[in-house]
Structure formats: structure tokens, C-alpha cells
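The values are calculated or read from the model by the stated rules, or taken from the named source; none is laboratory data. Treat the numbers as computed from the prediction; the structure is a model and nothing was measured. Cβ: placed from backbone, ideal geometry, glycine included. Neighbour counts: every protein chain shown.
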Amino acid sequence: MMEHSLVFSFFLIFTGAAVLATIALYTRQPLLVAYIVLGALLGPYGYSFIQDTALLSEISHIGIIFLLFLLGLDMQPSHLVHMLKKATLVAIFSAIIFMAVGYVVGISFGYTTTEAVIIGVALMFSSTIIGIKLLPTTVLHHKHTGELVVGLLLLQDVIAILVLLFLNSGDNGSSQLASFLKTAVALPVIIVGAFIFVRFILLPLIQKFDRFHEYIFLVAIGWCLGLAELAQLAGLSAEIGAFIAGVTVATSPIAQYIATSLKPLRDFFLILFFFSIGASFNLGLLGQIIIPALLLALLVLVLKPVVFRFLLQSISEDNKLAWEVGFRLGQISEFSLLIAYMATSAALIGQEASHVIQATAILTFLFSTYVVIFNYPNPIAVSDKLRRD
């Protein structure tokens, strides 16, 4: 019965996505909008055709893992280290500013101090999925703009992981300290171990059997998911593990072949991810949370480009480039959704505060996508002039 239910769910999702995507393309709308709207329509708070959104959300998480793996394949380690050094202060100062904005709005609408802090924390991050999905892999990943976007997103991911560790470690102070120490030790060990494994085991195997394309495909998936799982066991996130897996293979000639072969698989799971965002949103709470969510979304959409432009110019970046990076990072993150879910589970915030964060995420995902696809080069642009794969 479970198998039939999953197959039927997939039928509804991908057939519905194909229909809405067709309408979206005819009406010059971004495809991400179609997937989120479909989720809201078919999910438990819409027409209830699909009930088990938790399962779909878990499956769709694989799409984020593949996205980070493919991103890592495009990043040369030397460029990455240079960019992380340069972007650190920008990431830290922007996080502090947006946390303060979220906190002030939360307190103004009568949420508790803890809820206001969590809302502020949720505003600190920009979406890795939106940011990277709207970067043309053949153009910007190898240019300064792409490196800045990726560097800032990775630094934000590290901050987000620390927040998630804190939420996940309970009330025991010694337990929190142990978790942080475990993570601090695990990260460099995994990075060094991964480079050694790739150099002495993985690449020799790939070179020996490179005639068998199916084998390379299997090894790439196994390496990506294996390191993702190892990172999660060590207290990091699966995304960070997948990214490390990609970076360790990036200097190999086989990297671009792997990247090309995995893109369809990544897109399959990302459709499920955006569907699950729409499906998990409780439309019944909309009346209570729409005003604070709209205000937060407006502040994020307006202030993030301005703040990033100011901070990037302060480290001698070009004005035009600084604006573009700001607009590409002008939303909150899938990590914000995860923080909202975990904080609700830990009884730190109520359902209303959680849905304020979720609604803000959906609104900023949608509107920032519109801004980018109509103004900057990206793979899903409606205009032929801006479309870059």
C-alpha cells in the first residue's frame, strides 16, 4: 500500500508540475513558483490529495545534497579558500544586521523574546538553493560574481549549522560544549581524510574503469551520499559533507563529466523540495501571520541588496557587482525553515511564529526569484538575452 501511495504521489506531483510549468512558461513566470503553488494546492492544507509531506520532504532533501555536491565540483580549492577569507567579515556583519531587524519586528508584533530571537536568526541566511540554482554554471561559477555568492552562502551555512547544533543539543550545557568540540574536530579531519581518499583510492579506481560510464555515475553518487552521511554523523550537515565531496574531486578531469551526468537527478529532487515547501504550509494560519510575514519579506527584499552592496563595497568590490550579489542573496533560506521546524519541536516557539518564518521564506523565495530572472543572467530566464545554462 505504501509503494502504491508513493507512486501515486509522484504521479500527482510530476504530472501537476508539468501542467503548471507549461502555464508558467506561457505566462513568463519562474518555474519555482509553479512547484510551490502545486504543493499548496495538493498538500494537506489544500485539497489534501497528498498527506505524507514529511516523507516527500525527506526525499527532496537529497536534491539539496546533490546541489551542493555539484557546486563543489565547480570550485577549485585554492579559489575557494581565497574567497572565504575575503567574504568572512561581510557574512558576519550582514548576519548581525538581519538578526537585529528580525528581532525588532518580532518584538513589535508581540512575540516572546525567544520567538523574536529565532525570527531574527531565520533572517540571517540566504537561500543556497535559490542562489545557486539561479547561477549559470558555465558562466558565473568561474567568475568573481559566482565565487562571491558561493563564498557568502557557504559561510552562512557554517553559521546555520552552529545554530542548528545549539537547537539540537538540548538544555544540558556540557552536552552543548561536547557537540561544538566534536564538530570543531570533525570538520578538518573529514576534509583531510576526503582528499587522501580521493587521491589514493577514488581517482585511481575511476581512471582504471573510466570506460564504464555507469560505474563512474555510481561511484559519484556513492561518494556524495557517503560523505554527506559521514558529516551528519559527525554533527555537521549532510550539505557540508556533499560540498566537501565535490571540492575534493574538482581538480580531476572527470569532474565536469560527473557534474553533467548528475544534473537531471538533482532537478528531480529539487522539484520535490519546492513542492514540499508549499505543501507543508498551513493556509489556515494565514490571517494571523500575513502582516508580520509581509513586513519581514519586504524588509528582506529591500534591505539585503542594500546591506550586501554596502558591505561588499567596503572590501573594494565594484558597485555593479555588489548590487548583483545583493539581489541574488535577497531572500531567506531553507535553513530558516529547518530552524523554524526544530525550534517548534523543541517548544521554543509557537506555531504562529513558525509560520511567520515559513511565510516569509516562501514570499522572499518567490519575489527574489522574479528580481533575478528578469534582471541578471540565469538558467531559467524568460528572456533569451539573459538565459545562461
* To do: Those residues that are farther than 30 Å from I380 by Cα, touching a residue at least 60 places away in the same chain (Cβ under 8 Å) and either in a loop (DSSP other than H, G, I, E, B) or polar (S, T, N, Q) (or both), I need them from segment 315-358; list them, please.
  => I315, A346, L348, I349, G350, Q351
* Asked: Limited to segment 97-115, what total is found for residues that are more than 22 Å from the chain's Cα centre (by Cα), crowded, with 18+ Cβ neighbours inside 10 Å and part of a helix (DSSP H, G or I)?
  -> 4
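Taking segment 244-257 as the region of interest, how many residues are assigned to a helix (DSSP H, G or I) and modelled with pLDDT under 85?
1
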* Could you check P44 against (1) under 30 Å from G246 (Cα atoms); (2) in contact with a Ser or Thr (Cβ under 7 Å, 6 or more places away or on another chain); (3) assigned to a loop (DSSP other than H, G, I, E, B) and say which number it fails? => (1)
* Limited to segment 195-243, what total is found for residues that are in a helix (DSSP H, G or I), surrounded by fewer than 16 Cβ atoms within 10 Å (Cβ to Cβ) and among the charged types (D, E, K, R)? -> 4
* Asked: From the residues in segment 212-251 that are more than 17 Å from L71 (Cα to Cα) and touching a residue at least 60 places away in the same chain (Cβ under 8 Å), which one is nearest to the chain's Cα centre (by Cα)?
  -> L236
* **Selected residue (criterion: farthest from the chain's Cα centre (by Cα)) from residues of segment 302-321 that are closer than 18 Å to H144 by Cβ and buried (at least 23 other Cβ atoms within 10 Å of the Cβ)** => L312
* Structure fact -> Among (1) outside any helix (DSSP H, G or I); (2) free of Cβ contacts under 8 Å to residues at least 40 places away in the same chain, R28 falls short only on (2)
* To do: Out of the residues in segment 255-282 that are within 15 Å of V219 (Cα to Cα) and aliphatic (A, V, I, L, M), state the one that is surrounded by the fewest Cβ atoms within 10 Å (Cβ to Cβ).
  => L265
* Single condition K320 does not satisfy, out of (1) in contact with a helix residue (DSSP H, G or I) (Cβ under 9 Å, 6 or more places away or on another chain); (2) over 30 Å from F10 (Cβ atoms) -> (1)
* What is the one condition in (1) at pLDDT 85 or above; (2) within 30 Å of L303 (Cα to Cα) that I50 does not satisfy? -> (2)
* Structure fact -> Taking segment 244-254 and keeping residues of a type outside the set (G, A, S) and either in contact with a Pro (Cβ under 9 Å, 6 or more places away or on another chain) or buried (at least 22 other Cβ atoms within 10 Å of the Cβ) (or both) leaves I244, V247, T248, V249, T251
* Yes or no: I118 modelled with pLDDT of 75 or more, in a helix (DSSP H, G or I), crowded, with 17+ Cβ neighbours inside 10 Å and of a type in the set (V, I, T)? -> yes
* Could you check, for segment 87-96, whether at least one of its residues is surrounded by fewer than 18 Cβ atoms within 10 Å (Cβ to Cβ), modelled with pLDDT under 80, under 28 Å from A322 (Cα atoms) and more than 19 Å from the chain's Cα centre (by Cα)? => no
